[in-house]
Amino acid sequence: MRYWLMKSEPDEVSFADVLAAPGKTVAWFGVRNYQARNFMRDQMEVGDGVLFYHSSCAVPGVAGIARVASGAYPDASQFDPDSHYFDPKATREQPRWISVDVTAVAEGRYLPLTEMRGVAALEDMVLLQKGSRLSISPVTKGQWDKVLELMGVSISAT
DNA sequence: GCCAACGTTGGC
DNA sequence: GCCAACGTTGGC
């Protein structure tokens, strides 16, 4: 069981969209960075915790708590010439990019990036490091617990 | 819209 | 395999 922070542009997929989706589950598609892909491919497991982060928006921050709901499978958008995420070098025989499904667990209080920067227990988060742009990054148990505390979320063990 | 930081590409 | 040029990310 691991913990992750995953960045999404809310104009594209917001946490509210996940809450509104059937089964509160959506495909996480469009990752086009090898390091982020490798986290999904090599380390993510069903049930892992996800901090659903909103980036490139007016108030960046953690918008909700989610959970990994599937193993990795080929990201369909890489094969679609009309998609922004089309990759001409990807083939169905040898896909380059993968998706996982994530499902919403709890919304909680929106936790802005600016607030996170002031929390000592979070200062080592990959997200907060200078120049960090990884769209998927590992989160420690301590960081996870702190973020959930700040958001006022408690998740009962299942 | 700016720009720092980072990742990728491609010529050599 | 180096590294300059280019493209992207993402906060501000």
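Key figures for this structure:
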item	result
Segment A:72-97, subset away from DNA strand C (no atom under 16 Å from the Cβ) and surrounded by 14 or more Cβ atoms within 10 Å (Cβ to Cβ), residue nearest to the chain's Cα centre (by Cα)	A:Ala72
Tally of residues being away from DNA strand B (no atom under 16 Å from the Cβ), surrounded by 15 or more Cβ atoms within 10 Å (Cβ to Cβ) and in contact (Cβ under 8 Å) with a residue 60 or more places away in the chain across segment A:108-158	8
Any hit, segment A:58-68, residues being of a type outside the set (S, T, N, Q), more than 16 Å from DNA strand B (Cβ to nearest atom) and exposed (fewer than 15 other Cβ atoms within 10 Å of the Cβ)	no
Pair list, Cβ under 6 Å, 6 or more apart: segment A:40-54 residue free of Cβ contacts under 8 Å to residues at least 40 places away in the same chain, other residue among the β-branched types (Val, Ile, Thr)	A:Val46/A:Val68
Checklist (1) modelled with pLDDT of 95 or more; (2) within 12 Å of DNA strand C (Cβ to nearest atom) applied to A:Pro138, failing item	(2)
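The values are calculated or read from the model by the stated rules, or taken from the named source; none is laboratory data. Since this is a predicted model, take the numbers as computed values, not measurements. Here the Cβ is made from the backbone with ideal geometry for all residues, glycine too, and neighbour counts use every protein chain on show.
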